[in-house]
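> Structure incoming, see below.
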Amino acid sequence: MEVDRNIKVTIIVPVYNAEKTIINCAINLVNQTLKDIEIIFIDDCSQDNCYEILQQIKLQFPDIVKVYRTEINSGPGGARNVGLEHASGKYIGFVDSDDLADITMYEKLLAVAENTGTDIVDCGFISEEMQTVIMPIPDEYTGTLDDKKRNRLISKEGYIWCKIFKRELLERYSLRFRENVAMEDTDFILFVYAVADSLECVKEPLYKHTCNMESIMEKMTKYNNYCTVYKAMEAISERLSALSDYDSIRVGCEAMLINLYLCGIVNCLESELKNKEMLPLLIDLQKLKGKVVRGGYNNPFILKNINEQCITIMKLNDKKPWELIIKQ
């Protein structure tokens, strides 16, 4: 789709069974101080009244609100992909349906984007789960991105909902989200870090991220978490290792992969699976790690962020996962 020069920012909101939160989320979006925006809500086959609520919002704000509905439930990734197909803004932002974007957020992010021409603009956010303010990426990792900055950013992952992305960058790589999975944005954001030329930050907490534990607990078990992590590792490796300059960002990528490897082991050990059911999962994880990680645990990002006990656990799973089960 051609970029509409009158639309500066497209905000994409995937919606699923969010009738309790979507109105408050939408109020902050339709009242943004930036007026050159479009807000695309995608109802992902909700079973509550979300779609009807979104239609009412569209009737009240027809100039800036668009509403689409997926034909089959495809998860946040699939819903966001629908939004990307219909987006017309120069920059793209993503908002979760139970979160709140400050009404000045997109005006402030766009001001930095237009002043610098950067590919990504980040901002701080309030984490309801941790009851704290998470501030932006440090200055030494902003500006023009080199290998050092890319590796650090990739090793730390990041969040898509406190940023705007230059749409041309996403379209250049036909970048889309994985569908029908959790952690669907992990490989997406890491790939963006790998290919973007620059990144800037607004040093204000302009986004409030909530944690809907009721919704999460309905779907997620330790086994499901294990599967999610396994698929994320595969996706990260497949997407980033295909880049011609992968060797220059391999340290950061492998740090993230090892972090996920640890999460997969822990989720497996803490699951309710019996030992005979757990062992093949740990072996599969071991094989995947051996396939996607060439370096060892002397990775500087690993040594900085993972303690010796966790490294010992991973080393044991590398060689003798059955002993790890016995010792758990």
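> Can you confirm whether the range 242-256 contains a residue that is closer than 30 Å to Val15 by Cβ and either in the same structural domain as Ile22 (by TED's automatic domain parsing) or of a type in the set (A, V, I, L, M, F, W, C) (or both)? Reasoning before the result, please.
Step one: list which residues in the range 242-256 are closer than 30 Å to Val15 by Cβ, which gives 256.
Adding the requirement that they be either in the same structural domain as Ile22 (by TED's automatic domain parsing) or of a type in the set (A, V, I, L, M, F, W, C) (or both) leaves 256.
Yes; the residues of the range 242-256 include at least one that is closer than 30 Å to Val15 by Cβ and either in the same structural domain as Ile22 (by TED's automatic domain parsing) or of a type in the set (A, V, I, L, M, F, W, C) (or both).
> Inspect the range 166-173 for any residue being touching a Gly at 6+ places or on another chain (Cβ under 9 Å), more than 19 Å from Ala232 (Cα to Cα) and surrounded by fewer than 23 Cβ atoms within 10 Å (Cβ to Cβ) and give the result as yes or no. First the steps, then the outcome.
Of all residues in the range 166-173, those touching a Gly at 6+ places or on another chain (Cβ under 9 Å) come to 166-167.
Now restrict to residues that are more than 19 Å from Ala232 (Cα to Cα): 166-167.
Then drop every residue that is not surrounded by fewer than 23 Cβ atoms within 10 Å (Cβ to Cβ), which leaves 166-167.
Yes - at least one qualifying residue is present in the range 166-173.
Conditions (1) within 19 Å of Met130 (Cβ to Cβ); (2) outside the structural domain of Asn28 (by TED's automatic domain parsing); (3) of a type in the set (S, T, N, Q); (4) at pLDDT 95 or above, marked per residue:
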position	(1), (2), (3), (4)
Glu171	no, no, no, yes
Ala196	no, no, no, yes
Asn212	yes, no, yes, no
Glu234	no, yes, no, yes
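> Which condition breaks for Val181 when tested against (1) within 13 Å of the chain's Cα centre (by Cα); (2) modelled with pLDDT of 95 or more; (3) of a type in the set (A, V, I, L, M, F, W, C); (4) more than 25 Å from Ile302 (Cα to Cα)?
The one condition Val181 does not meet is (2).
> Just for the range 43-96: of the residues that are among the polar types (S, T, N, Q) and touching a Cys at 6+ places or on another chain (Cβ under 7 Å), which one is farthest from Glu168 (Cα to Cα)? Steps first, answer last, please.
At the first step, the residues of the range 43-96 found to be among the polar types (S, T, N, Q) are 46-47, 49, 55-56, 60, 70, 73-74, 81, 88.
Pick out the ones that are also touching a Cys at 6+ places or on another chain (Cβ under 7 Å) and you get 70, 73.
Working: Thr70: 25, Asn73: 28 Å.
Looking at the filtered set, the residue picked out is Asn73.
> Can I ask one more? What pairs can you find where one residue is in the range 48-71 and of a type in the set (Ser, Thr, Tyr), the other is in a helix (DSSP H, G or I) and crowded, with 16+ Cβ neighbours inside 10 Å, and their Cβ atoms are less than 8 Å apart, with a gap of 6+ or different chains?
That search, which allows pairs on different chains as well, returns Tyr68/Val82; Tyr68/Gly83; Thr70/Gly78; Thr70/Ala79; Thr70/Val82.
> Tally time: how many residues in the range 142-155 are assigned to a helix (DSSP H, G or I) and crowded, with 19+ Cβ neighbours inside 10 Å?
Taking the range 142-155 and keeping what is assigned to a helix (DSSP H, G or I), we get 147-155.
Filter once more, so that each one left must be crowded, with 19+ Cβ neighbours inside 10 Å: 149-155.
Total satisfying the criteria: 7.
> Please tell me if Leu153 is assigned by TED's automatic domain parsing to the domain that holds Ser74, in contact with a Phe, Trp or Tyr (Cβ under 7 Å, 6 or more places away or on another chain) and over 22 Å from Asp99 (Cα atoms).
Answer is yes for this residue.
> In this structure, is Ile134 under 17 Å from the mean Cα position of the chain (by Cα) and within 28 Å of Glu85 (Cβ to Cβ)?
For Ile134, the condition - under 17 Å from the mean Cα position of the chain (by Cα) and within 28 Å of Glu85 (Cβ to Cβ) - is not met.
> Something else: Exactly one condition in (1) assigned to a helix (DSSP H, G or I); (2) of a type outside the set (Val, Ile, Thr); (3) surrounded by fewer than 20 Cβ atoms within 10 Å (Cβ to Cβ) is false for Lys208; which is it?
(1)
> Separate question: Provide a single number: the residues in the range 244-280 that are out of contact with any helix residue (DSSP H, G or I) (no Cβ under 9 Å at 6 or more places or on another chain) and either of a type in the set (A, V, I, L, M, F, W, C) or in contact (Cβ under 8 Å) with a residue 40 or more places away in the chain (or both).
The total comes to 0.
Listed here are the residues, each with its yes/no results for (1) among the acidic types (Asp, Glu); (2) crowded, with 19+ Cβ neighbours inside 10 Å; (3) within 16 Å of Leu29 (Cα to Cα).
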{"residue": "Ile57", "(1), (2), (3)": "no, yes, yes"}
{"residue": "Phe61", "(1), (2), (3)": "no, no, yes"}
{"residue": "Ile64", "(1), (2), (3)": "no, no, yes"}
{"residue": "Glu71", "(1), (2), (3)": "yes, no, no"}
{"residue": "Ala79", "(1), (2), (3)": "no, yes, no"}
{"residue": "Val82", "(1), (2), (3)": "no, yes, no"}
{"residue": "Gly89", "(1), (2), (3)": "no, yes, yes"}
{"residue": "Phe94", "(1), (2), (3)": "no, yes, yes"}
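The values are calculated or read from the model by the stated rules, or taken from the named source; none is laboratory data. Everything numeric here is computed off the predicted structure, so don't read it as measured data. Methodologically, a virtual Cβ is constructed for each residue, glycine included, from the backbone with ideal geometry; neighbour enumeration extends over all protein chains shown.
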